[in-house]
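Q: Below: one structure in structure tokens.
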Amino acid sequence: NAGIALVAKAAGKKYFGSATDNPELTDTAYVAILSNSSEFGQITPGNSMKWDATEPSQGTFTFAAGDVIADLAIGNGQLLRGHNCVWYNQLPSWVTSGNFDNATLQSIVKTHCSTVVSHYAGKIWDVINEPFNDDGTWRADVFYNTIGPLYVNTALIAARAADPNAKLYINDYNIEGTGAKSTAMVNLVKSLQAAGVPIDGVGIQGHLIVGEVPSTLIANMEQFTALGIEVAITELDIRMTLPATPALYAQQKQDYETVISACNSVPGCIGVTIWDYTDKYSWVPSTFSGQGAACPWDATLVKKPAYDGIVAGF
Ligand code: XIL
């Protein structure tokens with residue numbers, strides 16, 4: 001085949017892409033594949049645009065590492081998803097331990113989002129990352145505990161003001177299928193729309209397990225697109241309990257195909273990003289003990305059956 005990005009384009013999607021991270025860019029064989037815009041039409045920085053990387057101390061913005069990824073995308077002719085403005089994780093301690101009052105923290109959120117989104121203008125942005133618990137209640141992080149749910153409004157309004165051309169998303173995991181957490185996201189989008197707050201899309205992360213792909217992917221995406229917004233699958237990987245076997249690889253191929261073809265059949269699903277393309281740099285083994293082999297290329301940068309599943313899905 002011609003490469004996944006080209007196949008995705010031919011199917012009418014905006015992009016197929018991959019996350020990447022700065023330390024990996026010294027690996028020239030890795031970069032050569034990542035930079036092939038026939039395979040990847042889009043990249044997402046895995047870490048270097050997060051709050052701890054971009055505003056390590058209050059009011060001091062550091063864009064050097066993020067710029068490396070943004071410049072790589074530009075050089076390769078790839079789109080970039082900015083990731084992310086507001087998240088409970090990878091926050092510098094000045095945010096988590098600052099004991100700010102509501103008004104002060106809102107002003108901090110506003111400054112952070114507008115500075116980061118205007119620095120990387122014209123991008124798709126995960127403005128809010130992981131706002132909900134799995135039962136659909138709000139995550140009790142520093143933003144919610146101090147500001148309440150309106151921190152989301154503040155961030156989105158600041159992002160839109162900073163760059164009217166940016167596409168503004170809320171991104172989360174365990175919203176691949178219908179359920180309490182997806183319903184909470186639907187209700188959040190409705191309440192933002194009712195309040196006139198800008199929201200362009202919902203990012204469905206897609207950190208899945210081989211053999212456990214939800215059966216309601218399409219119906220779930222359609223409940224978001226019915227609200228007049230886009231969806232994207234933003235962090236797809238499909239992990240297994242190690243060791244990998246041919247049977248697990250075959251099931252993984254089927255699972256990738258199922259997810260891709262679900263996006264393919266929903267017009268408002270604009271694209272798919274995998275959370276790095278190779279097992280060599282996947283976040284899975286260090287996060288989920290005993291699990292891995294989640295990506296479509298193996299740790300020696302050779303394509304797995306999953307690759308063919310992706311191509312077949314578009
Ligand atoms: C992960 C990165 O891939 C790791 O390198 C880092 O140590 C932790 O964060 N959901 C997200 C991503 O939105 O930002 C996370 O990325 C993976 C889960």
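Q: Among LEU156, LEU91, which is the only one that is surrounded by 17 or more Cβ atoms within 10 Å (Cβ to Cβ), in a helix (DSSP H, G or I) and not polar (S, T, N, Q)? Break it down stepwise before answering.
A: Details: LEU91 fails: in a helix (DSSP H, G or I).
Sole residue among the options that is surrounded by 17 or more Cβ atoms within 10 Å (Cβ to Cβ), in a helix (DSSP H, G or I) and not polar (S, T, N, Q): LEU156.
Q: Can you tell me which condition ILE69 does not meet? The list is (1) within 16 Å of the ligand (Cβ to nearest atom); (2) in a helix (DSSP H, G or I); (3) within 24 Å of VAL189 (Cβ to Cβ), and all the others hold.
A: (3)
Q: So, in the range 193-208, of the ones that are over 18 Å from ILE274 (Cα atoms) and among the hydrophobic types (A, V, I, L, M, F, W, C), which residue ends up surrounded by the most Cβ atoms within 10 Å (Cβ to Cβ)?
A: Of everything passing the filter in the range 193-208, ILE199 is surrounded by the most Cβ atoms within 10 Å (Cβ to Cβ).
Q: Can you pull out the residues in the range 256-314 that are part of a strand (DSSP E or B) and open to solvent by 30 Å² or more (accessible area, probe 1.4 Å)?
A: Within the range 256-314, the subset part of a strand (DSSP E or B) is 269-274, 278, 291-292, 297, 303.
Once the filter is applied, which keeps residues that are part of a strand (DSSP E or B) and open to solvent by 30 Å² or more (accessible area, probe 1.4 Å), the range 256-314 yields GLN291, LYS303.
Q: Being in a loop (DSSP other than H, G, I, E, B), within 19 Å of LYS14 (Cβ to Cβ), among the β-branched types (Val, Ile, Thr) and under 20 Å from the mean Cα position of the chain (by Cα) narrows it down to one of ILE175, ILE170, ILE199, so name that one. Outline the logic, then answer.
A: On the way: ILE175 fails: within 19 Å of LYS14 (Cβ to Cβ); ILE170 fails: in a loop (DSSP other than H, G, I, E, B).
Sole residue among the options that is in a loop (DSSP other than H, G, I, E, B), within 19 Å of LYS14 (Cβ to Cβ), among the β-branched types (Val, Ile, Thr) and under 20 Å from the mean Cα position of the chain (by Cα): ILE199.
Q: Looking only at the range 161-177, which residues are touching a helix residue (DSSP H, G or I) at 6+ places or on another chain (Cβ under 9 Å) and open to solvent by less than 70 Å² (accessible area, probe 1.4 Å)? I'd like the intermediate steps shown before the answer.
A: Step one: list which residues in the range 161-177 are touching a helix residue (DSSP H, G or I) at 6+ places or on another chain (Cβ under 9 Å), which gives 161-163, 166, 168, 170, 172-177.
Within the range 161-177, ALA162, ASP163, ALA166, LEU168, ILE170, ASP172, TYR173, ILE175, GLU176, GLY177 meet the criteria.
Q: Tell me, yes or no, whether the range 83-106 has at least one residue that is within 16 Å of the ligand (Cβ to nearest atom), touching a residue at least 24 places away in the same chain (Cβ under 8 Å) and closer than 21 Å to TYR277 by Cα.
A: Among the residues of the range 83-106, at least one is within 16 Å of the ligand (Cβ to nearest atom), touching a residue at least 24 places away in the same chain (Cβ under 8 Å) and closer than 21 Å to TYR277 by Cα, which makes the answer yes.
Q: Exactly one of (1) away from the ligand (no atom under 15 Å from the Cβ); (2) touching a helix residue (DSSP H, G or I) at 6+ places or on another chain (Cβ under 6 Å); (3) open to solvent by less than 50 Å² (accessible area, probe 1.4 Å) is unmet by ILE43. Its number?
A: (1)
Q: Tell me, which residue of the range 1-22 that is modelled with pLDDT of 95 or more and more than 18 Å from the chain's Cα centre (by Cα) is most open to solvent (accessible area, probe 1.4 Å)? So that I can check it myself, show each step before the final result.
A: Applying the first criterion (modelled with pLDDT of 95 or more) to the range 1-22 yields 3-22.
Of the ones still in play, those that are also more than 18 Å from the chain's Cα centre (by Cα) are 3-4, 6-7, 9-12.
Details: GLY3: 2, ILE4: 0, LEU6: 83, VAL7: 31, LYS9: 128, ALA10: 92, ALA11: 43, GLY12: 65 Å².
Only one residue tops the list, namely LYS9.
Q: For ALA103, indicate whether it is assigned to a helix (DSSP H, G or I), touching a strand residue (DSSP E or B) at 6+ places or on another chain (Cβ under 6 Å) and modelled with pLDDT of 95 or more. Reasoning before the result, please.
A: Values: assigned to a helix (DSSP H, G or I): yes; touching a strand residue (DSSP E or B) at 6+ places or on another chain (Cβ under 6 Å): no; modelled with pLDDT of 95 or more: yes.
The answer is no for ALA103.
Q: Could you list all residues from the range 6-53 that are farther than 16 Å from LEU301 by Cα, assigned to a helix (DSSP H, G or I) and not aliphatic (A, V, I, L, M)?
A: LYS9, ASN22, PRO23, TRP51, ASP52
Q: Moving on to the next point. Kindly evaluate ILE175 against the criterion of being of a type outside the set (Gly, Ala, Ser) and away from the ligand (no atom under 15 Å from the Cβ). Working first, answer last.
A: Numbers: of a type outside the set (Gly, Ala, Ser): yes; away from the ligand (no atom under 15 Å from the Cβ): no.
No: the conditions fail for ILE175.
Q: Of the residues that sit in the range 234-249 and are more than 16 Å from the ligand (Cβ to nearest atom) and open to solvent by less than 60 Å² (accessible area, probe 1.4 Å), which one is nearest to ILE128 (Cα to Cα)? Working first, answer last.
A: From the range 234-249, those more than 16 Å from the ligand (Cβ to nearest atom) are 240-249; that's our starting set.
Retained after the next criterion (residues that are open to solvent by less than 60 Å² (accessible area, probe 1.4 Å)): 240, 244-245, 248-249.
Values: MET240: 28, ALA244: 34, THR245: 37, LEU248: 34, TYR249: 33 Å.
By that ranking, first place goes to MET240.
Q: Quick check on this structure: which one of LYS181, LYS190, LYS253 is within 15 Å of the ligand (Cβ to nearest atom), assigned to a helix (DSSP H, G or I) and not aliphatic (A, V, I, L, M)?
A: None of the others qualify; the one that does is LYS181.
Q: Say whether the condition of being surrounded by 20 or more Cβ atoms within 10 Å (Cβ to Cβ), more than 20 Å from THR234 (Cα to Cα) and away from the ligand (no atom under 16 Å from the Cβ) is met by at least one residue in the range 119-127.
A: Among the residues of the range 119-127, not one is surrounded by 20 or more Cβ atoms within 10 Å (Cβ to Cβ), more than 20 Å from THR234 (Cα to Cα) and away from the ligand (no atom under 16 Å from the Cβ), which makes the answer no.
The values are calculated or read from the model by the stated rules, or taken from the named source; none is laboratory data. Quick caveat, the model's predicted, so the values are computed rather than measured. Note that we place each Cβ from the backbone using ideal geometry, even for glycine, and neighbour counts take in every protein chain shown. For the accessible areas, the whole protein counts, side chains as well, though only heavy atoms, and no ligand, DNA or RNA atoms are used. Shrake-Rupley method; radii C 1.70, N 1.55, O 1.52, S 1.80 Å.
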